[in-house]
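To keep things clear, I will list the structure first and then write my remarks on it.
The values are calculated or read from the model by the stated rules, or taken from the named source; none is laboratory data. Since the structure is predicted, the reported quantities are computational estimates derived from the model, not experimental observations. For neighbour counting, all protein chains shown are included, and Cβ atoms are generated from backbone atoms with ideal geometry for every residue, glycine included. Surface accessibility is based on the protein's heavy atoms, side chains included, excluding ligands, DNA and RNA. Shrake-Rupley method; radii C 1.70, N 1.55, O 1.52, S 1.80 Å.
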Amino acid sequence: MAMKAGWFSHLLSAVAAVLVAAEPAAFSQSTATAASTDELAQLRAENAKLRSENQRLRQLLVQTASSSSLPAPASSSPARESAASSAASQSSAASTDPQALTYWLSATSNKRHNASCRWFKASKGRACTATEGTPCKTCGG
Amino acid sequence: VQDVRRLKGSIGEAAAPRMVLLPLLLLLGLLFPEPAWAETIRVTTWNLEWFPSGVANRRLPKVEARRIEEAARVIAILNPDVLLLQEVRDWDACQKLTEAIDAFCAGAASPPLRFEVAVCSAFKEGNVLGWQQTAILSKAPAQAAWSSEWTTSGAVDPPRGYSFALLRIGGKDLGFYSVHLKSNLVRGNGARERQLNILKRELSAEQLIAHTDALPKDFPDGIQGFVIGGDLNTNRDEFVSERTLSILEEAGFTDSFAGVPFASRITHPAKGGYPDTTFDYLFLKGLRPLAPPEILSTKVSDHLPVTCELALPP
């Protein structure tokens with residue numbers, strides 16, 4: 001048994017020696033793999049750096065754009081709700097911005113209706129400002 | 001990465017000619033498979049705050065046009081492939097936004113960014129069309145797109161619904177949702193209202209998951225990935241007991257903000273008594289974020305756009 005095991009291990013050693021002699025590069029694969037892992041880690045780090053630089057540039061672009069030519073956007077109430085589109089918020093906006101199109105101008109009668117009127121957006125017409133048309137006698141326009 | 005592939009190729013070339021080593025290398029390849037090379041896409045979610053007027057009323061066309069230009073400029077800088085929008089008034093507003101993006105690029109002599117409006121919802125508030133719709137804009141044409149309102153369950157009546165688009169990107173069919181869940185507005189009985197708001201969000205999340213589960217029946221070729229993006233109006237910092245985010249995670253979605261510290265995920269900066277908070281999310285299934293989401297600071301809306309670069313599934 002010991003003889004057999006010895007013979008087998010000799011054979012294995014011989015095969016290994018032949019293979020190493022034939023292609024030493026193949027057995028340096030572990031070193032190469034380690035190098036590639038290092039390379040990959042390096043590329044990932046560079047990628048992350050580029051990505052963060054990209055983000056900073058985008059931020060800079062937006063800031064430059066907003067500070068150079070564009071006015072600050074209109075602010076709204078802090079309420080974060082769709083249902084907040086109530087008559088109350090409409091009238092408050094109307095009072096602060098006379099140019100806001102918060103009224104409804106009936107096309108046929110040229111009457112102006114406010115948000116509380118039954119004819120508001122219920123007749124053929126368009127949105128209008130507080131000074132257009134003639135005020136509705138029911139709602140006051 | 002191409003360099004790495006080339007490097008790996010050279011390793012393979014050195015070892016390959018030897019017939020004896022080839023099976024060994026194949027075995028190694030099977031044991032330690034390389035990650036498949038995948039395309040990437042950029043997805044942005046943005047609540048545009050009563051777009052385009054900025055308030056709950058219509059404003060003069062020139063005022064609205066200026067705000068459309070402001071939003072278009074930010075979007076062109078962000079350059080996403082898919083844009084998930086909330087609080088947009090209607091299809092027309094979305095269409096004008098795409099045109100403004102195109103015009104901005106032309107003016108800046110940069111390559112055109114041509115978006116198509118895949119879907120814009122038409123949710124009703126009572127009997128009238130709401131002005132806080134959800135929409136999906138994409139550079140790739142939609143294979144399918146629609147929107148649907150949430151269904152009521154007993155006394156719990158969640159507002160709005162979802163917009164959905166199926167897009168083929170990089171040879172993959174991907175499903176995108178844009179959602180805007182119930183806000184935290186409270187009137188009258190505060191405690192009860194707060195609880196009801198949470199319930200509405202949870203119910204919406206459950207319906208959303210049910211939809212993602214049911215979709216494969218309509219698309220036998222399968223959907224390789226999902227993105228749920230939008231203003232979820234919740235977070236784990238303030239709403240500890242709420243299950244909305246957990247419902248999505250339990251269904252296999254991952255939060256792209258997972259592991260990101262609070263200071264780096266403020267999507268709704270403090271305003272009018274409300275603190276800094278995270279309300280806007282991108283939840284992913286089958287897609288992998290290449291980096292934590294980027295949040296661009298801008299005054300166009302009270303919410304900030306959240307953008308994430310994603311690796312497509314192999």
Less than 10 Å Cβ to Cβ from A:Cys136, Lys/Arg counted +1 and Asp/Glu -1: what total charge do the surrounding residues give?
+4
Using only the heavy atoms of the protein chains and a 1.4 Å probe, how would A:Thr33, A:Thr138 rank by accessible area, largest first?
A:Thr138, A:Thr33
Helix-only mean residue ellipticity at 222 nm for chain B, each DSSP H run of n ≥ 4 adding -39500 (n - 2.57), per residue, nearest 500
-10000 deg cm²/dmol
Through the Karplus equation 6.51 cos²θ - 1.76 cosθ + 1.60, θ set to phi - 60°, convert the phi angles of segment B:105-121 into ³J(HN,Hα) values in whole Hz; use x for Gly and Pro.
5, 5, x, 8, 6, 10, x, x, 10, 9, 9, 10, 7, 6, 7, 9, 5
How much solvent-accessible surface does B:Trp146 expose, in Å² to the nearest 10, with a 1.4 Å probe and all protein chains in place?
80
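Tally Lys and Arg at +1 and Asp and Glu at -1 over the other residues with C-beta under 11 Å from the C-beta of B:Glu69: what net charge comes out?
+2
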Label model pair B:Gln143, B:Asn127: point-to-point distance (7 angstrom along the Cα→beta-carbon line) in nm is 4.2
With +1 on the Cβ of every Lys and Arg and -1 on the Cβ of every Asp and Glu, the dipole magnitude of chain B about its Cα centre, in debye rounded to the nearest 20, is 320
Keeping every protein chain present and rolling a 1.4 Å probe, give me the accessible area per residue for chain B in Å².
44
Compute a Gaussian network model of chain B, connecting alpha carbons closer than 10 Å, and tell me which residue from B:Pro141, B:Pro216, B:Pro292 fluctuates the most.
B:Pro216
Scoring only Lys, Arg, Asp and Glu (+1, +1, -1, -1) among other residues with Cβ under 14 Å from the Cβ of B:Thr244 yields -4
By how many nm would the segment from B:Glu116 to B:Thr152 grow when fully extended, if each residue of separation counts as 0.36 nm and the alpha-carbon distance is taken off?
9.8 nm
Pairwise burial A:B, computed as accessible area of each alone minus the pair, summed, 1.4 Å, Å²
4400
Where both partners of a DSSP beta bridge lie in chain B, what percent of those bridges are antiparallel, to the nearest 5?
80
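Considering only protein heavy atoms and a 1.4 Å probe, what is the carbon-and-sulfur percentage of the accessible area of segment B:93-177? Write down the numbers at each step before the final one.
Numbers: 1820 of 3580 Å².
Whole-percent figure for carbon plus sulfur exposure: 51.
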Which residue, B:Leu129, B:Leu84, B:Leu174, has the most motion in a Gaussian network model of chain B that connects Cα atoms within less than 10 Å?
B:Leu129
Between the alpha-carbon centers of segment B:297-313 and segment B:222-282, tell me the distance in whole angstrom.
13
With a Förster distance of 51 angstrom and the Cβ-Cβ distance between A:Lys124 and B:Leu290, calculated FRET efficiency to the nearest 0.05 equals 0.45
With a 22 Å threshold on alpha-carbon distance, the violating pairs from A:Lys121/B:Lys299; B:Lys96/B:Lys299; A:Lys121/B:Lys124; B:Lys124/B:Lys200; B:Lys96/B:Lys200 are A:Lys121/B:Lys299; B:Lys96/B:Lys200
Using only the heavy atoms of the protein chains and a 1.4 Å probe, how would B:Trp91, B:Trp46 rank by accessible area, largest first?
B:Trp91, B:Trp46
